[in-house]
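Take a look at the structure set out below.
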Number of protein chains: 2
Amino acid sequence: MNAFLENIRARLAKHALCIGLDPEPNLFPDFIQAQEHPIFTFNQAIIDATHDLVCCYKPQIAHFSAVGAEDELEMTIDYLKEYYPDIPIILDAKRGDIGSTAEKYAIEAFGRYGADALTVNPYLGPDSIEPYLDYEDTGVFVLCHTSNPGAGTLQALIADGKPVYEHVVDMVLELDTDTPVGFVVGGTAPDIIAHVRKIAPESLLLIPGVGTQGGDFNTCREAGGKNAIINVSRAILYTSQGKEFAKKAREVAQSFK
Amino acid sequence: MNAFLENIRARLAKHALCIGLDPEPNLFPDFIQAQEHPIFTFNQAIIDATHDLVCCYKPQIAHFSAVGAEDELEMTIDYLKEYYPDIPIILDAKRGDIGSTAEKYAIEAFGRYGADALTVNPYLGPDSIEPYLDYEDTGVFVLCHTSNPGAGTLQALIADGKPVYEHVVDMVLELDTDTPVGFVVGGTAPDIIAHVRKIAPESLLLIPGVGTQGGDFNTCREAGGKNAIINVSRAILYTSQGKEFAKKAREVAQSFK
């Protein structure tokens, strides 16, 4: 079996929570900001404090690339692989481009960074997703219906009697692949989670938008079922700017059960 | 007037050609591959050989990030800004994420790299585009109908009597902004270019897919009109692996008139 799928299923049996690593250096405690590698040091503390509470971690790449901290993303992933090798890492990059360029993004995610799974954007169609399926033991999550206020503008348009996001599900389920391809479905619309779960009963669902964006953990878990990964980022990471920020993050993470 | 718009219009009066900088180190001549900064050295040679033939350059970011060459992307953009400050730089990254993350991608593109314009993906809706509009003197190109074989799977679905890509045009034209927001329309479907030009008569169009992907330069130019930027990448960059690769690239670039 695909190693990513095996690992995430084993962890999902115990924890639905995924912690999104969205480093915002200006929200770090002062003593972390003063470190040589503040982003990595912050992530390391969060990981050490929460590793037994999560099914996976999801570093969001823009938070690293905005400040030129690709090295700290590498350090974060390397740290996870060395100390917590059973915890899958979903790189949240929402890539989407023509096939020949998608091949490069796949190298970036799975080769350079060694992520176990990657989020991708479906707008360019099936051939823009296929290059990510050529790797062993990795997974892909395709944006289906997102958590932001404007999600429905295109995603909920009705074509041929069903919303565009449902066409995304159909398109993905028709891919000829053994790679697990799940869906990103925002936690702010639990009815849509339930609908996607109905039309894709076995697929992994990655559900962001819980916590700061307003989605409710338990409601999403109920709608998404046992293969639902519920992501919380800011509501856990930035609970405190004090010395004990990681302990406080753990306390909040424990509340998402 | 917005400096990006002013610069690109001035250059479009003379040249429709944009050269896409899609570095593929294994296609470089051996003596370039042996350099300390092969990607930058290659780009520099192409730029020096073609700067008087183009309206702009379009570095494609995956080709840098796949090999951890963010520094060479910075060097390429810095070189353009120092020696050819009138030539706009479109960073091709096709970013698309919720507002708070889009803010980070905007910092990456306009702050860190100093790009003049950025390509973005519309799938998440208008609030995922708005953060890119908060910068002065820059522009945005929203994916509308792309150049790849599977483009139509979602983009051409008919909702409310018109294709999804036309809903993208409507969505963008409704944005309340002074920032120039153009469209990416693939050169492999000239009838769609003509249609987008009709419904967005003043917008900048960025037209990739010409050359290796099969689109025809003059057909695209006719369909797109005076505000059409026609991108060619591989067909110019990898004409020769000999000592005179840049001269050969210039000769091919000259053929796109």
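Things worth noting here:
- Which listed residue, of B:98, B:107, B:129, B:158, is of a type outside the set (D, E, K, R) and closer than 27 Å to residue B:222 by Cβ: B:158
- Selection of the stretch B:20-77 for residues being charged (D, E, K, R), assigned to a helix (DSSP H, G or I) and within 14 Å of chain A (Cβ to nearest Cβ) yields B:70, B:71, B:72, B:74.
- Residue within the stretch A:235-244 that is under 30 Å from residue B:151 (Cβ atoms), in contact with a strand residue (DSSP E or B) (Cβ under 8 Å, 6 or more places away or on another chain) and either aliphatic (A, V, I, L, M) or not in a helix (DSSP H, G or I) (or both) present: no
- Residue in the stretch A:139-158 that is within 9 Å of another protein chain (Cβ to nearest Cβ), in contact with a strand residue (DSSP E or B) (Cβ under 9 Å, 6 or more places away or on another chain), among the β-branched types (Val, Ile, Thr) and not in a loop (DSSP other than H, G, I, E, B) present: yes
- Residue within the stretch A:169-178 that is facing chain B (nearest Cβ under 7 Å), touching a residue at least 12 places away in the same chain (Cβ under 8 Å) and not in a loop (DSSP other than H, G, I, E, B) present: yes
- Single match in A:184, A:196 (criterion: in a helix (DSSP H, G or I) and either in contact with a Pro (Cβ under 7 Å, 6 or more places away or on another chain) or not small (Gly, Ala, Ser) (or both)): A:196
- Going through (1) within 26 Å of residue B:130 (Cα to Cα); (2) at pLDDT below 95 one by one, residue B:209 falls short only on (1).
Residues are listed down the side, and each one gets a yes or a no for (1) modelled with pLDDT under 95; (2) among the charged types (D, E, K, R); (3) in contact with a Lys or Arg (Cβ under 8 Å, 6 or more places away or on another chain):
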| position | (1), (2), (3) |
| --- | --- |
| B:49 | no, no, yes |
| B:59 | no, no, no |
| B:62 | no, no, yes |
| B:70 | no, yes, no |
| B:73 | no, no, no |
| B:78 | no, yes, no |
| B:84 | no, no, no |
| B:90 | no, no, yes |
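- Search result, residues across the stretch A:27-84 that are farther than 26 Å from residue B:96 by Cα, hydroxyl-bearing (Ser, Thr, Tyr) and in contact with a Pro (Cβ under 9 Å, 6 or more places away or on another chain): none
- Any hit, the stretch A:188-199, residues being within 12 Å of chain B (Cβ to nearest Cβ), buried (at least 21 other Cβ atoms within 10 Å of the Cβ), within 17 Å of the chain's Cα centre (by Cα) and not charged (D, E, K, R): yes
- Residue count for the stretch B:204-224 under the criterion of being touching a strand residue (DSSP E or B) at 6+ places or on another chain (Cβ under 8 Å) and away from chain A (no Cβ under 14 Å): the result is 7.
- Residue A:179 meets the conditions (1) of a type in the set (Ser, Thr, Tyr); (2) buried (at least 21 other Cβ atoms within 10 Å of the Cβ); (3) under 22 Å from residue A:225 (Cβ atoms) in every case but one. The failed one is (2).
- Residue within the stretch A:111-124 that is within 7 Å of chain B (Cβ to nearest Cβ), without any contact (Cβ under 8 Å) to a residue 60 or more places away in the chain and more than 29 Å from residue A:214 (Cα to Cα) present: yes
The values are calculated or read from the model by the stated rules, or taken from the named source; none is laboratory data. Remember, predicted model here, so these are calculated numbers, not experimental data. Quick reminder, even Gly has a Cβ in these numbers, built from the backbone with ideal geometry, and neighbours come from all protein chains shown.
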